[in-house]
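Chemist: The structure follows.
The values are calculated or read from the model by the stated rules, or taken from the named source; none is laboratory data. Computed from a prediction, not measured in an experiment: that's the story for all the values here. Counting neighbours? That spans all protein chains shown, and the Cβs are built from the backbone with ideal geometry, glycine included. Surface areas here come from the heavy atoms of the whole protein model, side chains and all, with no ligands, DNA or RNA. Shrake-Rupley method; radii C 1.70, N 1.55, O 1.52, S 1.80 Å.
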Amino acid sequence: PPPQPAPVESTQYPYLIRRTYTYTTMSAGDSQPVVIESINAQTYHPPKREPHHPEPHVRDIAQYQELYKESIEDPDAFWGKLGRELLDWHTPFTRVTQGSFEHGDIAWYTDGYLNACYNCVDRHALKTPDAPAIIFEADEPSEGRIVSYSELLREVCKCANVLKSLGVKKGDTVAVYLPMIPETLVTLLAIVRIGAIHSVVFAGFSAESLRDRVLDADSRVVITSDEGKRGGKTIGTKRIVDDALKECPDVEHVLIFKRTGNEIPLVPGRDKWWHEEMAKFPSWCPPVMVNAEDPLFLLYTSGSTGKPKGVMHSTAGYLVGAAATTKYVFDVHPGDRMGTAGDVGWITGHTYIVYGPLLLGAATLVFEGTPAYPNFSRYWEIVERHKITQWYVAPTAIRLLKRAGDHHIKHDLSSLRVLGSVGEPIAPDVWHWYYEKVGRGKCAVVDTYWQTETGSHVLTPLPHAIPTKPGSACLPFFGIQPAIVDPVTGEELVGNDVEGVLCFRKPWPSIARTVWGAHERYLDTYMRPYKGFYFTGDGAGRDHEGYLWIRGRVDDVVNVSGHRLSTAEIEAALIHNKAVAEAAVVGVPDELTGQAVMAFICLKSGYENNEAFRRELILQVRKSIGPFAAPKALLVVNDLPKTRSGKIMRRVLRKLHAGEPLGDTSTLQDESVIEHLIEVIQQAN
Ligand code: WTA
């Protein structure tokens, strides 16, 4: 049964739909009316092009509509042309698209052969060897450097030779647990150069999370650094790897990049230094040609259950999606310097730090630090110093900087042409601040909606073509057919002024092909909830002008500072504690992080609720998932709200916390629990 859309939790976002719906979850029989107010959102027309700026790739709305129509009516012609234009092929394809959501047999460019690294590096190194590929900004502002395309090619080749010497072959997975340094990009490109598959684990994940991902992907080689540096602090990266690998007997080699040079323990036979291995090999290694549908990478992401999914992307389709969206959504031109202030540990880093910009031969920023170190001007210093042309970041960082104050922006930001937002809804006041203070009213703000699974942007404005409304991800990218589906009947709600769950009809090139080793799970999660559609897990509305408004996850996924987390995973970490009988985790609105994790705990008898115990529980979550998953608040309660069939009603907890009316509570097993919960929540506030 399809999950239930989250209730409207705040009036922070201008939802425009005027209808009242009653959603009913089939599993819990838990129904609730959703009333959405109509608020008129302001429309911003694309900013005027400055005379010294390049001619935009898509000039106006008419051209967008024309291209969009083409992409839907004749996807073979549209994506065939882009496939040839954006990528170099060893064996050109003759077929473009095949397969369906329903059968889970999606495949693109199936008879083509190519190499991802060749497309990202070699072809630019041959043409513009001295052009900057990587702009590295280290944690300390003075320690950065620029890596040219020819230097990148040499480094990547050496690293590919090292990997071969460690026994890595085509089709093997390699785990990458690295901070944001140029060597991380070198590593990924070296892996795909020899036809292997990278599996990046965000370096903020705990040892246990790393262990699970290494085991699930069956990686035999792990690449890491001695330590990491972030916000002036040192992070014991290798120590976490050592802990993780205690339970990964199949890992044969750990390659360690020396980032800080502080003393670390080494495991003889297993651990090798990056610089020592790199020094052994020549800086040429031929790229291995792979089939268009051979896997490019795995990226683990959270879903409704506790076990993370290894989302798998294939080579050509993903690359076409990455290159096409980078080109059109950020309007990237030769010589541009793109600044994505994300981390390669998440999909945003994969697509818009590594693959998108490099495929287009642009320079890409690799930023090791944080927006607040050494002070709140750091981003704008970077933009000024490197004349960054596109800036792309999650709203959580913009909220932080808005709060810190306008006086931190005292830099020349005139190189910027496009500002992007990603990962969570951007509230109109934050959008405005970004537009006015950073963009000086001269840059388009593109609010890009997409997911690990979609590989690249699916809903987004185009900077010179699509008028924007603050808070709306606007319109579909080429080839994307959004459908708002009634969560109860599974019927598509056609026309404007509708509200439901967000699905897509018809595959696009960069959609994930499977969940690693669990294809049935892939079908169950995405393809089966609504027959004939891909289900995103998000609720959405289409307003009176056809603009799309994302309303957030309808499943048990929370979004903290743009980090995607599963409540089930956090609950599992809490229940691990011997004193915990039951746990329910919900996402609650948070001014800074968008959502924050709030945990409700029932204790087993005989255990005492005190400060030290609560601290221990929070520590447990940090240890088992990572610091970013730690509950912001943890409340010990006598009982949890449940349906008659015993299912925890997280919606009730969320509403109680927000002080909102509960709606229909007739399915509650025991109404008296409500009063108790109100009391506990009030005491905590
Ligand atoms: C959310 C991140 C509102 C959404 C690229 C989605 C957004 C989840 C937006 C995917 C946006 C992403 N507006 N919500 N512009 N972009 N989301 O896989 O809930 O880490 O399902 O990919 O982030 O998170 P993921």
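Chemist: Please find, among 310, 317, the residue that is touching a Ser or Thr at 6+ places or on another chain (Cβ under 8 Å) and away from the ligand (no atom under 16 Å from the Cβ).
Modeler: Going through 310, 317 in turn, just one is touching a Ser or Thr at 6+ places or on another chain (Cβ under 8 Å) and away from the ligand (no atom under 16 Å from the Cβ): 317.
Chemist: Please give the number of the condition residue 624 fails out of (1) in contact with a Gly (Cβ under 6 Å, 6 or more places away or on another chain); (2) among the hydroxyl-bearing types (Ser, Thr, Tyr); (3) buried (at least 19 other Cβ atoms within 10 Å of the Cβ).
Modeler: (1)
Chemist: Check residue 545 against each of (1) more than 12 Å from the ligand (Cβ to nearest atom); (2) closer than 25 Å to residue 485 by Cα; (3) in contact with a strand residue (DSSP E or B) (Cβ under 8 Å, 6 or more places away or on another chain) and name the one condition it does not meet.
Modeler: (3)
Chemist: Output the residues belonging to segment 123-143 that are surrounded by fewer than 21 Cβ atoms within 10 Å (Cβ to Cβ) and either in a helix (DSSP H, G or I) or free of Cβ contacts under 8 Å to residues at least 12 places away in the same chain (or both).
Modeler: 123, 126, 127, 141, 142, 143 - these are the residues of segment 123-143 that are surrounded by fewer than 21 Cβ atoms within 10 Å (Cβ to Cβ) and either in a helix (DSSP H, G or I) or free of Cβ contacts under 8 Å to residues at least 12 places away in the same chain (or both).
Chemist: Filter segment 298-320 for residues that are buried (at least 22 other Cβ atoms within 10 Å of the Cβ) and of a type in the set (Ser, Thr, Tyr) and give the result.
Modeler: The answer is 300, 302, 314, 315, 318.
Chemist: A further question follows. Would you pick out the residues in segment 409-440 that are more than 16 Å from the ligand (Cβ to nearest atom), surrounded by 16 or more Cβ atoms within 10 Å (Cβ to Cβ) and of a type in the set (S, T, N, Q)?
Modeler: Once the filter is applied, which keeps residues that are more than 16 Å from the ligand (Cβ to nearest atom), surrounded by 16 or more Cβ atoms within 10 Å (Cβ to Cβ) and of a type in the set (S, T, N, Q), segment 409-440 yields only 415.
Chemist: Among the listed residues 554, 558, which satisfies the condition of being within 16 Å of the ligand (Cβ to nearest atom), aliphatic (A, V, I, L, M), within 16 Å of residue 307 (Cα to Cα) and at pLDDT below 90?
Modeler: 558
Chemist: From 584, 612, 572, which residue is open to solvent by less than 10 Å² (accessible area, probe 1.4 Å) and either more than 16 Å from the ligand (Cβ to nearest atom) or part of a helix (DSSP H, G or I) (or both)?
Modeler: That would be 584, the only listed residue that is open to solvent by less than 10 Å² (accessible area, probe 1.4 Å) and either more than 16 Å from the ligand (Cβ to nearest atom) or part of a helix (DSSP H, G or I) (or both).
Chemist: Might you let me know whether segment 100-111 holds any residue that is open to solvent by less than 10 Å² (accessible area, probe 1.4 Å), of a type outside the set (A, V, I, L, M, F, W, C) and touching a Leu at 6+ places or on another chain (Cβ under 7 Å)?
Modeler: no
Chemist: Anything in segment 422-440 that is aliphatic (A, V, I, L, M) and either modelled with pLDDT of 95 or more or within 19 Å of the chain's Cα centre (by Cα) (or both)? List them, or say none.
Modeler: Scanning segment 422-440 gives 422, 426, 427, 438.
Chemist: If I filter segment 286-297 for residues that are crowded, with 24+ Cβ neighbours inside 10 Å and within 16 Å of the ligand (Cβ to nearest atom), do I get at least one hit?
Modeler: Yes, there is a match, as at least one residue in segment 286-297 is crowded, with 24+ Cβ neighbours inside 10 Å and within 16 Å of the ligand (Cβ to nearest atom).
Chemist: Any chance segment 378-394 includes a residue that's open to solvent by 10 Å² or more (accessible area, probe 1.4 Å) and among the basic types (Lys, Arg)?
Modeler: yes
Chemist: Considering only residues that are under 19 Å from residue 539 (Cβ atoms), more than 11 Å from the ligand (Cβ to nearest atom) and open to solvent by 30 Å² or more (accessible area, probe 1.4 Å), which ones fall in segment 587-603?
Modeler: Residue satisfying the conditions is 589 alone.
Chemist: Please determine, by comparing only the residues of segment 327-364 that are open to solvent by less than 10 Å² (accessible area, probe 1.4 Å) and touching a Pro at 6+ places or on another chain (Cβ under 6 Å), which one is farthest from the ligand (Cβ to nearest atom).
Modeler: 363
Chemist: Just to be sure, is residue 444 more than 10 Å from the ligand (Cβ to nearest atom) and either under 18 Å from residue 41 (Cα atoms) or of a type in the set (Lys, Arg) (or both)?
Modeler: Criteria met by residue 444.
Chemist: Return the residues of segment 163-184 that are farther than 24 Å from residue 308 by Cα, open to solvent by less than 10 Å² (accessible area, probe 1.4 Å) and part of a helix (DSSP H, G or I); say none if nothing qualifies.
Modeler: 163, 182
Chemist: From 64, 118, which residue is in contact (Cβ under 8 Å) with a residue 12 or more places away in the chain, within 28 Å of the chain's Cα centre (by Cα), part of a helix (DSSP H, G or I) and farther than 20 Å from residue 319 by Cα?
Modeler: That would be 64, the only listed residue that is in contact (Cβ under 8 Å) with a residue 12 or more places away in the chain, within 28 Å of the chain's Cα centre (by Cα), part of a helix (DSSP H, G or I) and farther than 20 Å from residue 319 by Cα.
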